[in-house]
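Visitor: What follows is a structure written as structure tokens; I'll ask about it next.
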Ligand SMILES: *Cc1c(COP(=O)(O)O)cnc(C)c1O
């Protein structure tokens, strides 16, 4: 029997190739051109007002905290309340800006627990970083209210949320910065890229300068003028900054993939519903993510919580099924260890959560096989 992968990205190859060919035919693979087109299409798709295409979600988050700190005059060591249960780049972006991650616990949605967020607010708190884990908006609405009540900025790490909808709409319009990932293992795969969506259009202007080494010019408009007399080498360099901009080849893949994002996510949701139906019969053995009824989650990953996670992972592997862990609690890592032991729920989940196979080409037989082996193991029939 074929082995079952944990993830297996698939692309609309013909559509991707046609978009990429346009870049090569035109002679422009850099920022501008296709990136502008994807930004416009992304705004239309999500309903967000601003969108800037960057080379990763990490870049997007780094720009967000860097710009917020500068524009809002935050001090070094000012605090950002965040989840320890995420991919490390979420929290690195806070540290890299010279700010301090203050960890709040997660709740049954595996996203930030609003009650614990409120408890962690001090007079140094400036922002909350909310991660929509696996596409789940969790208790985002309550977090938004807490931020507004306390004058805090709200940053959303929406790396898993491309395609998530609540009552038919993307849920995070009011956030001050929403950061998407179009990494290969996310729901809108390119190779590496992301989208930075500020609420305030003026901040996007700063991001566009900061994202190209702090240079205040636009390579594509220079190129598009193409009379070679107007090349603007007399640009200003107002910032010391990194190279974060996205390119037209990645945007070309993004444009092609965006067309099937909703139908791809429908397939993911159908597989997850099958998992849910099977596993919900064993509530004392398998805990599922709490997901509200009005949420259409992008379902970036499918996770279960079980007593003996490591044993289950080993058993699945012995039977040709790959699994994974998203994520190990960040306070296990050197730079966040100062907060170890403070988030009990996240600590427990980190030790007991398992990500199961989920990808578009998964067959019904493969889904059934995963279900069978998981249930065998947790009910003890495997021993
Ligand atoms: C993947 C991921 C990121 C980083 O995205 P890149 O586009 O790879 O930089 C950030 N946060 C979360 C939660 C992620 O899963």
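For every residue, the table says whether it meets (1) within 12 Å of residue 179 (Cβ to Cβ); (2) in a helix (DSSP H, G or I).
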{"position": "42", "(1), (2)": "no, yes"}
{"position": "49", "(1), (2)": "no, no"}
{"position": "58", "(1), (2)": "yes, yes"}
{"position": "64", "(1), (2)": "yes, yes"}
{"position": "70", "(1), (2)": "no, yes"}
{"position": "73", "(1), (2)": "no, no"}
{"position": "77", "(1), (2)": "no, no"}
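Visitor: Output the qualifying pairs, or none if there are none: Cβ atoms under 9 angstrom, residues six or more apart or on different chains, first residue in region 81-94 and within 15 Å of residue 338 (Cβ to Cβ), second residue modelled with pLDDT under 95 and within 9 Å of the ligand (Cβ to nearest atom).
Guide: none
Visitor: Cβ-Cβ below 6 Å, separation at least six or inter-chain, first residue in region 146-163 and closer than 17 Å to residue 203 by Cβ, second within 9 Å of the ligand (Cβ to nearest atom) and in a loop (DSSP other than H, G, I, E, B): which pairs?
Guide: Within 6 Å, the pairs are 158/132.
Visitor: Here's another thing I want to ask about it. Take the residues in region 108-130 that are surrounded by fewer than 18 Cβ atoms within 10 Å (Cβ to Cβ) and either within 16 Å of the ligand (Cβ to nearest atom) or without any contact (Cβ under 8 Å) to a residue 12 or more places away in the chain (or both); name whichever of them is farthest from residue 48 (Cα to Cα).
Guide: Here the answer is 123.
Visitor: Considering 172, 147, 134, which residue is in a helix (DSSP H, G or I) and more than 19 Å from residue 97 (Cβ to Cβ)?
Guide: That would be 134, the only listed residue that is in a helix (DSSP H, G or I) and more than 19 Å from residue 97 (Cβ to Cβ).
Visitor: Filter region 174-183 down to residues that are away from the ligand (no atom under 11 Å from the Cβ) and crowded, with 24+ Cβ neighbours inside 10 Å and give me whichever is nearest to residue 70 (Cα to Cα).
Guide: First, the residues of region 174-183 that are away from the ligand (no atom under 11 Å from the Cβ): 174-178.
Narrowing the set further to residues that are crowded, with 24+ Cβ neighbours inside 10 Å leaves 177-178.
Working: 177: 15, 178: 18 Å.
Taking the candidates together, the pick is 177.
Visitor: Take residue 346 and tell me if it is modelled with pLDDT of 95 or more, crowded, with 20+ Cβ neighbours inside 10 Å, part of a loop (DSSP other than H, G, I, E, B) and within 16 Å of the ligand (Cβ to nearest atom).
Guide: Details: modelled with pLDDT of 95 or more: yes; crowded, with 20+ Cβ neighbours inside 10 Å: yes; part of a loop (DSSP other than H, G, I, E, B): no; within 16 Å of the ligand (Cβ to nearest atom): yes.
Here the answer is no, as residue 346 does not meet what is asked.
Visitor: Please list, ordered by first then second residue, the pairs with beta carbon atoms under 7 Å, 6 or more apart or interchain, first in region 46-64 and modelled with pLDDT under 95, second more than 9 Å from the ligand (Cβ to nearest atom).
Guide: Cβ pairs passing all conditions: none.
Visitor: Name the residue, out of 186, 149, 145, that is within 16 Å of the ligand (Cβ to nearest atom), farther than 13 Å from residue 111 by Cβ and modelled with pLDDT of 95 or more.
Guide: Numbers: 149 fails: within 16 Å of the ligand (Cβ to nearest atom); 145 fails: within 16 Å of the ligand (Cβ to nearest atom).
Answer to the check: 186.
Visitor: Does residue 133 qualify as being in contact (Cβ under 8 Å) with a residue 12 or more places away in the chain, within 16 Å of the ligand (Cβ to nearest atom), under 27 Å from residue 205 (Cα atoms) and crowded, with 24+ Cβ neighbours inside 10 Å? So that I can check it myself, show each step before the final result.
Guide: Numbers: in contact (Cβ under 8 Å) with a residue 12 or more places away in the chain: yes; within 16 Å of the ligand (Cβ to nearest atom): yes; under 27 Å from residue 205 (Cα atoms): no; crowded, with 24+ Cβ neighbours inside 10 Å: yes.
Answer is no for this residue.
Visitor: Can I ask one more? Run down 205, 281 and say which single residue is assigned to a helix (DSSP H, G or I), surrounded by fewer than 18 Cβ atoms within 10 Å (Cβ to Cβ) and more than 18 Å from the chain's Cα centre (by Cα). Talk me through it step by step, then tell me what you get.
Guide: Details: 281 fails: assigned to a helix (DSSP H, G or I).
Among 205, 281, only 205 is assigned to a helix (DSSP H, G or I), surrounded by fewer than 18 Cβ atoms within 10 Å (Cβ to Cβ) and more than 18 Å from the chain's Cα centre (by Cα).
Visitor: Related question: Provide a single number: the residues in region 208-266 that are at pLDDT below 95 and assigned to a helix (DSSP H, G or I).
Guide: Within region 208-266, residues that are at pLDDT below 95 and assigned to a helix (DSSP H, G or I) number 7.
Visitor: Restricting the search to region 311-337, which residues are touching a helix residue (DSSP H, G or I) at 6+ places or on another chain (Cβ under 8 Å), more than 26 Å from residue 264 (Cβ to Cβ) and surrounded by fewer than 19 Cβ atoms within 10 Å (Cβ to Cβ)?
Guide: First pass over region 311-337, keeping only residues touching a helix residue (DSSP H, G or I) at 6+ places or on another chain (Cβ under 8 Å): 311-312, 315-316, 319, 321-323, 325-333, 335-337.
Retained after the next criterion (residues that are more than 26 Å from residue 264 (Cβ to Cβ)): 311-312, 315, 319, 328-333, 335-337.
Scanning region 311-337 gives 311, 319, 328, 332, 333, 335, 337.
The values are calculated or read from the model by the stated rules, or taken from the named source; none is laboratory data. Just so you know, these numbers come straight off a predicted model, no measurement behind them. All Cβ positions, glycine included, derive from the backbone under ideal geometry; neighbour counts span all protein chains shown.
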